[in-house]
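First the structure, in the form of structure tokens, and then the observations on it.
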Amino acid sequence: MDIAWTGHAAFRLRGRDGAVVTDPCPPSTGFRLNRPQADIVTVSTSAPAHSWSDGVAGNPVLLDAPGEYEVKNIVITGVITPGGTPGGTPGGDAGARNVAFIFTIDDVIVAHLGDMRGPPAAEQLDELSRADVLLIPVGGGGHMDPDLAASVVSTLAPKLVIPMLYKVGAEREELDSVQPFLKTMSAAMPTEQDNHINVTRGGLPQHTSVHVLAPRGD
């Protein structure tokens, strides 16, 4: 499976049988989505920066609610987690709705936390802790901050962590860089960054590892 980061909370997950775009972001975020083809679009929150489904090509199935789904041999589970304000305003009500999505693609389980802004409740842990790969906000600014993100990683214990929603230079929000999160995780910034990574079950690290991607859409 190939995991590519557009920027903000938007990723494209592509397996043998289908492709998913998560939280498609409009140009107003500072990132270019470039109309990727997808079979599925997931939207964690109705905030405009996470829900620009018109920017995705291919007439995809839109998922924006909790539940269990299967499309193109991709199994998806959506669970409610603490989010931000319905309008997506940073610093808003941390109790508002966010849907985290868990995907099984080519025998690898990926959890995309969307704009989750609080620790998962006990009833959410069973689903989220299945993840081999965790896509998690780390940049603060009203989103999840580095310390909370590191605590969530410790709780869920994925094999691979890919940070998102942090300062890279193109974004229009005031966010922190990825460095505070890396420091908390005792991880180092790579000397070279790609905008995607190919992940297989056999190639997953034995212990939790952080992999920093460069945004594709800046």
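Some points to look at:
- Subset of the range 16-32 (residues that are assigned to a loop (DSSP other than H, G, I, E, B), under 27 Å from Asp107 (Cα atoms) and of a type outside the set (Asp, Glu)): Arg16, Gly18, Pro24
- Filter pass, Pro66 being open to solvent by 10 Å² or more (accessible area, probe 1.4 Å) and over 26 Å from Leu125 (Cβ atoms): no
- The range 138-163 - residue that is over 20 Å from His207 (Cα atoms) and assigned to a strand (DSSP E or B) and, of those, most open to solvent (accessible area, probe 1.4 Å): Gly141
- The C-beta contact set for the range 182-200 (first residue part of a loop (DSSP other than H, G, I, E, B), second residue open to solvent by 80 Å² or more (accessible area, probe 1.4 Å), distance under 7 angstrom, 6+ apart or interchain) comprises Met189/Gln179; Asn195/Arg216.
- Residues within the range 92-137 that are buried (at least 24 other Cβ atoms within 10 Å of the Cβ) and assigned to a helix (DSSP H, G or I), tallied: 0
- Checking Ser28, Ser51, Ser46 one by one, the residue that is in contact with a Lys or Arg (Cβ under 8 Å, 6 or more places away or on another chain) and closer than 19 Å to Arg172 by Cβ is Ser28 and no other.
The values are calculated or read from the model by the stated rules, or taken from the named source; none is laboratory data. In this text the structure is predicted, and so the values were computed from the model without any measurement. Cβ atoms come from the backbone with ideal geometry, glycine included; neighbour counts cover every protein chain shown. Just the protein is used for accessible areas: all its heavy atoms, side chains included, with ligands, DNA and RNA removed. Shrake-Rupley method; radii C 1.70, N 1.55, O 1.52, S 1.80 Å.
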